[in-house]
1. Would you please give the FRET efficiency between Val12 and Ala148, computed as 1/(1 + (r/R0)^6) with r the Cβ-Cβ distance and R0 = 30 Å, to the nearest 0.05?
2. Assuming a ≥ b ≥ c are the square roots of the Cα gyration tensor eigenvalues, decide whether the stretch 112-154 counts as rounded (a/c under 1.5), prolate (otherwise, with a/b larger than b/c) or oblate.
3. Show the residues, 5+ positions off or on another chain, whose built amide H is closer than 5 Å to the amide H of Gln153.
4. Put a dot 7 Å past each Cα toward the Cβ at Glu101 and Asp159; how far apart are the dots in nm?
5. Short version: ³J(HN,Hα) in whole Hz for each residue of the stretch 119-124, in order, from phi by Karplus 6.51 cos²θ - 1.76 cosθ + 1.60 (θ = phi - 60°), x for Gly and Pro, what are they?
6. Give the long-range amide H neighbours of Cys119: residues separated by 5 or more places, or on another chain, with amide H under 5 Å away, using H modelled in the peptide plane at 1.01 Å from N.
7. Which entries of Lys20/Lys137; Lys20/Lys87; Lys20/Lys157; Lys13/Lys107; Lys87/Lys125 have Cα-Cα distances beyond 31 Å here?
8. Under 5 Å between amide H atoms, partner at least 5 residues away or on a different chain: which partners does Thr83 have, H built in plane at 1.01 Å?
Amino acid sequence: MATSDSGDVFDVKRIRRLVKLMEEHDLGEVDLQQGEQSIRIRRGAEGSPLVTAAPMPLPGAAAPAPAAATPGEAAPAADEAHTAVIKSPMVGTFYLSSSPEAAAYVKVGDTVGTDTTVCIIEAMKVFNEIPADVSGKIVSILVENGDAVEFGQPLFKVDTSG
């Protein structure tokens, strides 16, 4: 039975081939995008891959409205349509700067691009730079420096309206 290569970036065989190519060519990171989906594969300090996948936001898709909103809550709901949340891609320790003496990567009011490093998460003695993956202005930092964070935990709120 012949199998066709669908070209799906999330195909396990394709990911394994990418990891093997990364090892062969000593690559630290590979970023792929296919339609509305993207995948990033990074090698840790010991060469082990870290795979993160995130669906890209659909153009024109609005955030779901709260189930029971009072008239006074209409304005915050509209604001949330232009607010993105940067979430932790892993479990680890959250740091706002590369060292205690260094300035924070970002602070409230800073404008960030998709490739802007917003923080570091230390996991198993490996310091992973976390990109914003969204463009906009930082409106709040939801975690304290040095706090333990979980996978998917909100770290920053970003206003994407401007």
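Derivation of every value follows stated rules applied to the coordinates shown; laboratory data play no part. Just so we're clear, the structure is a prediction, and the values are computed from it rather than from any experiment. Counting neighbours? That spans all protein chains shown, and the Cβs are built from the backbone with ideal geometry, glycine included.
1. Numbers: r = 31 Å, r/R0 = 1.02.
For Val12 and Ala148, the calculated efficiency is 0.45.
2. Numbers: a/c = 2.24, a/b = 1.44, b/c = 1.55.
Judged from the Cα gyration tensor, the stretch 112-154 comes out oblate (a/c at least 1.5, b/c at or above a/b).
3. Amide H neighbours of Gln153, under 5 Å, 5+ apart: Ser88.
4. Each label point is offset 7 Å from its Cα along the Cβ direction, giving 3.6 nm.
5. Once θ is set to phi - 60°, the couplings for the stretch 119-124 become 6, 10, 10, 8, 9, 6 Hz.
6. Distant-sequence amide H within range of Cys119: Ile130.
7. Values: Lys20/Lys137 38 Å; Lys20/Lys87 28 Å; Lys20/Lys157 36 Å; Lys13/Lys107 41 Å; Lys87/Lys125 20 Å.
From the list (Lys20/Lys137; Lys20/Lys87; Lys20/Lys157; Lys13/Lys107; Lys87/Lys125), the Cα-Cα distance tops 31 Å for Lys20/Lys137; Lys20/Lys157; Lys13/Lys107.
8. Counting only residues 5 or more places away or on other chains, the set is Thr160.
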